[in-house]
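The values are calculated or read from the model by the stated rules, or taken from the named source; none is laboratory data. Computed from a predicted structure; not experimentally measured. All Cβ positions, even for glycine, are placed from backbone atoms using ideal geometry, and neighbour counts span all protein chains on display.
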Amino acid sequence: MIFGRSERGKPPVEPVTLKILVAGGFGVGKTTLVGAVSEIRPLRTEELLTEAGRPVDDLSGVEAKHTTTVAMDFGRISLREDLVLYLFGTPGQERFWFMWDELSEGALGAVVLADTRRLQDCFAAVDYFERRAIPFLVGVNCFEGAPRYPVEDVRRALDLDDHVPLLLCDARDRESVKEVLIGVVEHAMRQAARHREALTT
């Protein structure tokens, strides 16, 4: 799609832009998810893991990981001609969490990525968005060789409210990621509608 153009004879469409965060634990696939779906070359702020970081970086389950996001990942995807999502991947390591408050400013919603091998790593992200009343969806990234559990078992393990969507996904697959992002937008719209209804009753 070329922005600023539309069908012959019709005025240009000015797209609505929405901000979505992609959060979760260290090594869960946030950078991969943004890269899989972005229609522009993603902006990445990755640095090599070093020996000095070993005492604070838990690599169990992701031993092959050699880099980490230190600020954010940024990508863009057009869901429709009039709807564009800007994706901001948050850093997963605790020492970079101070970035989250700035990145979450103005966000419509968030994806919390989870890995069943390290499910506890996404607790902080779930708590963060619950406390700030930012609509979020949990996407269970189905890594090869990782244990597979029924969705309801994962929901109970994360102690999620019934209204929070939980989907299985593959962060490497564009179509799978698009389904997750559409799910976040729809969930955020439902939450906003419920809030408006509550204000008028």
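The single condition from (1) surrounded by 11 or more Cβ atoms within 10 Å (Cβ to Cβ); (2) modelled with pLDDT under 85 that G25 fails is (2).
All of R118, R148, R172 fail the test of being outside any strand (DSSP E or B), among the basic types (K, R), closer than 26 Å to G35 by Cα and over 18 Å from the mean Cα position of the chain (by Cα), apart from R148. Within region 120-170, the residues that satisfy the criterion of being of a type in the set (K, R) and farther than 21 Å from L21 by Cβ are R148, R156. When G89, G145 are checked against the criterion of being surrounded by fewer than 17 Cβ atoms within 10 Å (Cβ to Cβ) and not aliphatic (A, V, I, L, M), G145 stands alone in meeting it. Residues of region 142-155 that are touching a residue at least 24 places away in the same chain (Cβ under 8 Å) and within 20 Å of E130 (Cα to Cα): V154 alone. Scoring D121 on the criteria (1) out of contact with any Gly (no Cβ under 6 Å at 6 or more places or on another chain); (2) at pLDDT below 95 leaves a single failure, condition (1). The residues on offer are E7, E39, and the sole one that is more than 27 Å from G145 (Cβ to Cβ) and at pLDDT 85 or above is E39. The number of residues in region 178-191 being in contact (Cβ under 8 Å) with a residue 24 or more places away in the chain, more than 14 Å from L18 (Cα to Cα) and not basic (K, R) comes to 2.
Taking the listed residues L158, L166, the one that is in contact (Cβ under 8 Å) with a residue 12 or more places away in the chain, aliphatic (A, V, I, L, M), surrounded by 11 or more Cβ atoms within 10 Å (Cβ to Cβ) and closer than 27 Å to P42 by Cβ is L166, with no other qualifying. Within region 100-115, which residues are surrounded by 17 or more Cβ atoms within 10 Å (Cβ to Cβ) and assigned to a loop (DSSP other than H, G, I, E, B)? Answer for region 100-115, where residues must be surrounded by 17 or more Cβ atoms within 10 Å (Cβ to Cβ) and assigned to a loop (DSSP other than H, G, I, E, B): A107, L108, D115.
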